[in-house]
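Q: Pasting in a structure now, in structure tokens, and then I'll have a few things to ask.
The values are calculated or read from the model by the stated rules, or taken from the named source; none is laboratory data. The structure presented is a predicted model; accordingly, all values stated were derived computationally and were not measured. Heads up, the Cβs are rebuilt from the backbone with ideal geometry, glycines too, and the neighbour counts pull from every protein chain shown. We work out accessible area using only protein heavy atoms, side chains counted, and drop any ligands, DNA or RNA first. Shrake-Rupley method; radii C 1.70, N 1.55, O 1.52, S 1.80 Å.
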Amino acid sequence: LTPPYLPGFLEALGRCRHRPLAFLFADKKTPLAKYPRLRGLRLLLSRFPGSHIHGVDALAGTDAIAHGAGWAGIGASSSRRWPQRPGDNEGGPPAAGYLPGCFLRELLETRSPAIYTDWYANSRSPACRRCARPLDSYRPTPSDKALIIAHTMHAIDDFARELTAQPAAGQAAWLNEARVRAFMRHAQLTSTGARVDADLTLRRLCELDDPYMRETTPAGGWA
């Protein structure tokens, strides 16, 4: 998807126009969390609208939908959201609190509830109305881990439905506004003891669509 390789990739795909296409992009870590790759994915979808995108997170998946994807498969686990290449067998450190990623709509983040507990240390912990569970109430038990994944799936589905309910021509603009609001909410977090570090894909997407071509800072501001 990066500039040195994208033209040849598109040329090769041009010979398959009569066939439906599905793509899975893998790397050792967060395959699409880079400005050129996100821009390249948009260009790919503009040339081959209706293609399926597999193995992405909520941010990349919804952006793909808004830019022409016919379907996006958003992973329930980190290995399915950020697939690794064959041979990339090094796993990362244990998740904070030994809890899986939990999608938080107001920040558009997918983090362990333990991370949110630190970020919201001096205010009420966010809670999902449907699940009726504040984020700081989850424990590293099999039942709670299953509940976190169930929440993440319905919360992402709700967000995607909000997106697709918009007129097709306005979906990209609506999504950009939602991302910018979520990004800037990071600056309002009240914790004084935990570093707030906004999701890198969220930051790159905000930068990609910023009319002033500004860079973002990890804590929710513009440089």
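Q: Which of the trypsin sites (Lys or Arg not before Pro) found in region 27-80 are in a DSSP loop and have at most 14 neighbouring Cβ atoms, other than their own, within 10 Å?
A: Hits after loop and neighbour filter: K28, K29.
Q: Classify region 4-102 as rounded, prolate or oblate, taking a ≥ b ≥ c as the square roots of the eigenvalues of its Cα gyration tensor: rounded when a/c is under 1.5, otherwise prolate if a/b is larger than b/c and oblate if not.
A: Prolate.
Q: Any cysteines in the chain with zero other Cys Cβ atoms under 4.7 Å from their Cβ? List them, or say none.
A: Singleton cysteines: C16, C102, C206.
Q: Taking DSSP loops as anything outside H, G, I, E and B, show the longest stretch in the chain free of GluC sites (Glu not before Pro) there with at most 14 other beta carbons within 10 Å.
A: Result for the longest clean stretch: 107-214.
Q: While we're on this one: Considering only protein heavy atoms, what per residue accessible area in square angstrom results for region 1-143 with a 1.4 angstrom probe?
A: Each residue of region 1-143 exposes 54 Å² on average to a 1.4 Å probe.
Q: To continue, here is another question. Counting Lys and Arg as +1 and Asp and Glu as -1, each charge on the Cβ, what is the dipole of region 35-86 about the Cα centre in debye, to the nearest 20?
A: Computed charge dipole of region 35-86: roughly 180 debye.
Q: If I fit a long axis through the Cα atoms of helix 200-209 and take the longest principal axis of the Cα atoms of the chain, what angle between them do I get, 0 to 90°, rounded to 10?
A: The angle comes out at about 50 degrees.
Q: For the chain, what log10 I(q)/I(0) values come out of the Debye formula at q = 0.10, 0.12, 0.15 1/Å, with one point per alpha carbon and no solvent?
A: So the normalised log intensities are -0.47, -0.67, -1.05.
Q: Let me ask something else about it. First check a/c for region 73-204, with a ≥ b ≥ c the square roots of the eigenvalues of its C-alpha gyration tensor; if it is under 1.5, answer rounded, and if not, answer prolate when a/b is larger than b/c or oblate otherwise.
A: rounded
Q: Loop-only trypsin sites (Lys or Arg not before Pro) in region 125-223, please: DSSP not H, G, I, E or B, and at most 13 other Cβ atoms within 10 Å.
A: Here the sparse-neighbourhood loop sites are R129, R130, R195, R214.
Q: Starting from the Cα of K28, draw a straight line to each of the aspartates and glutamates and keep only those under 13 Å, dropping any in the same chain fewer than 8 residues away.
A: By straight Cα distance, K28 reaches D88, E90.
Q: Size of the dipole of region 67-203 about the Cα centre, Lys and Arg at +1 and Asp and Glu at -1 on the beta carbon, nothing else charged, in debye to 20?
A: For this selection, approximately 200 debye.
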